[in-house]
1. If you take the beta carbon distance between Ile151 and Arg172 as r and set R0 to 22 Å, what does 1/(1 + (r/R0)^6) give as a FRET efficiency, to the nearest 0.05?
2. Which whole-number percentage describes the relative contact order of segment 64-305, with Cα contacts under 8 Å and a sequence gap of 6 or more?
3. If you wrap a convex hull around the C-alpha atoms of segment 64-305 and split its volume per residue, what is the figure in Å³?
4. For n ≥ 4 DSSP H runs only, could you compute -39500 (n - 2.57) per run for the chain, divide by its residues and tell me the 222 nm figure to the nearest 500?
5. In the structure shown, do any of Lys188/Lys374; Lys27/Lys322; Lys207/Lys281; Lys188/Lys362; Lys25/Lys374 have a Cα-Cα gap over 24 Å, and if so which?
6. Counting DSSP beta bridges with both partners in segment 64-305, what percentage is antiparallel, nearest 5?
7. By how many nm would the segment from Lys213 to Leu52 lengthen if fully extended, with 0.36 nm per residue of separation less the alpha-carbon distance?
8. Under DSSP H, which helices of the chain have Cα atoms covering 18 Å or more of the helix axis and a Kyte-Doolittle average no less than -0.5?
Amino acid sequence: MKPYASLSPKEAEKELAALRALYEKEKSMHLSLDLSRGKPNSEQLDMTQELLDAPLTREMCFSPSGFDYRNYGIFDGVPEMKKLFSDLLGIPEEMILIGGNSSLQLVYDTLMRAMVFGVVGSDRPWAKEEGLKWLCVVPGYDRHFRIAQSIGFELVNVRMLPTGPDMDEVERLVASDPKIKGIFCVPKYSNPTGNTYSDETVVRLAKMKTAAKDFRIIWDNAYAVHDFDENGDTLLDIFAEAEKYGNQNRIFYFTSTSKISFPGAGISMMAMSPENLAQAKKYISVETIGFDKLNQIRHLAYFKNAAGVMAHMRLLGKNVGKKIAIAEQILDRDLGGLGILEYQKPKGGYFLSIDTLPGCAKRVFALMAEAGVKLTQVGDTFPYGVDPEDRNLRLAPTYPSDEDLVKSMDLLTVTIRIASLEKLFAL
Ligand SMILES: Cc1ncc(COP(=O)(O)O)c(C=O)c1O
């Protein structure tokens, strides 16, 4: 098939009529499918079922020095769990705090503390300043945007490039505007675009001059170990880079096992410079007497160490990678060469982010919904729920069965073709 833009009006009409007939046929099947949820299916969750099945014995609840983990105490995490994350991510143990079941909650609390108390280097609590802004890489993670918006930041879009955020733009903005207090980054297998920040991007983020002296990077490395196979991306160590330029306090690092063990029931962690961490601990120790250490022990008993996590991720990555590959094959098969879709093929993570022709995403969403397939709301990947070009769709292929995924993708390519022809030829 030749590119749609080069079809004659007659050819376009004929093609559209055929596609509409196909669409009506699919619609009559009364599908009820969902490509919107970025969560694992039961098969993936079953891979760690043993973590729950194995008994948590009395013996397991004591540290080597005899501390009873069933009790209050050690509020910043079981030392063996800190070591596991330290080995997994290459971050010194003394920079790590183990949290509860959600890294997003740690992000939220971190920003709330900044609002109420300021961060290391602030002249005053952030809430005492007017008109604060936050940089949001787009397309990006809707829940990040919602946190910053709900706290009262004005959200400023920065384009995602294959190498990470558009650093020329980031540098220009942060150098001139002291109201910009930070940026959200999902540096590896970004949600939803699936790309990993280049070394140059990491260095520039670590090094850049910021007008706000208390500028912070929320480094949400949620997909740090989520490669599909042994050819995964590598990410430069931002702490090491930041240290070179005296900017170690700039980095607030987060991750969790939500997409390793159980979403919302795993282990979260945050890492920051000793100075930042001391400040955070001062306030967190008021907020809680301690997080759930027994879940940390359960996870330790199952994974043992960082190598155990990596062994599990090789299996899980294969499973997720297979789903993503199914989706990619159908996109390539049906839309390749038509000039109506752009997307990058990730080497890990959880999502596929696709860009239709401008002005087509909402139409695709509506056609899919009408035929019984739910997609992530158009605009969710942008601040304020507005995709200025109406072209980005986030696909979450992990949850449906392979069979349902194929059905959903088959329909998706038909709807993208319909929406594109309608747009190109005003049909
Ligand atoms: C980038 C990113 N950060 C955080 C989360 C949520 O993590 P948690 O379950 O640890 O709160 C997700 C989940 O999809 C995510 O994609």
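1. Numbers: r = 24 Å, r/R0 = 1.11.
Once rounded, the FRET efficiency stands at 0.35.
2. Details: 415 pairs, mean separation 63.6, N = 242.
Dividing the mean separation by the residue count of segment 64-305 yields 26 percent.
3. Values: hull volume 29.2 nm³, N = 242.
Convex hull of Cα atoms, per residue: 121 Å³.
4. Numbers: 14 runs with 180 residues, N = 427.
Here the helix-only value at 222 nm equals -13500 deg cm²/dmol.
5. Numbers: Lys188/Lys374 27 Å; Lys27/Lys322 27 Å; Lys207/Lys281 26 Å; Lys188/Lys362 28 Å; Lys25/Lys374 18 Å.
Flagged as over cut-off: Lys188/Lys374; Lys27/Lys322; Lys207/Lys281; Lys188/Lys362.
6. Details: 9 of 27 bridges.
In segment 64-305, DSSP labels about 35 percent of beta bridges as antiparallel.
7. Here the answer is 53.4 nm.
8. Numbers: long enough: 9-27 (26 Å, -1.15); 103-117 (20 Å, 0.93); 274-287 (19 Å, -0.67); 306-335 (41 Å, 0.24); 402-425 (34 Å, 0.42).
Helices meeting the criterion: 103-117, 306-335, 402-425.
Readers should treat all values here as calculations from the given coordinates under stated rules, not as data from a laboratory. Just so it is clear, the structure is predicted and the values come from calculations on it, not from any experiment. Cβ coordinates were reconstructed from backbone atoms using ideal geometry, including for glycine residues, and neighbour counts include every protein chain displayed.
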